[in-house]
Amino acid sequence: MMAETGRAALFTDTGQPYEIREIALPVALDFLRRTRDKYPVHKVVSHKFPLEQINEAFQEAEWANKQTAVTRACIVP
């Protein structure tokens, strides 16, 4: 249903979805760009996935009720 409306959702640790507003992504990316030296996020990424493997990335990063080698995953161009 989210895809049909053009909206995106993330899920909290309780499994409840919350909507991502269109403005959130540009703001988040700008924050990461401005603070990349102060907060080196790349140091906590354990696995990188190309966009074509986004479904596998979500499956591997899912930690509820199981353990995987993925601690933090990111999608790369």
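Give me a count of the residues in the range 16-39 that are modelled with pLDDT of 75 or more and part of a loop (DSSP other than H, G, I, E, B).
Total satisfying the criteria: 5.
Go through the range 43-65 residue by residue and tally those that are within 13 Å of Val76 (Cα to Cα) and exposed (fewer than 11 other Cβ atoms within 10 Å of the Cβ).
The total comes to 2.
The values are calculated or read from the model by the stated rules, or taken from the named source; none is laboratory data. In this text, all values refer to a predicted model and were calculated from it rather than measured experimentally. For neighbour counting, all protein chains shown are included, and Cβ atoms are generated from backbone atoms with ideal geometry for every residue, glycine included.
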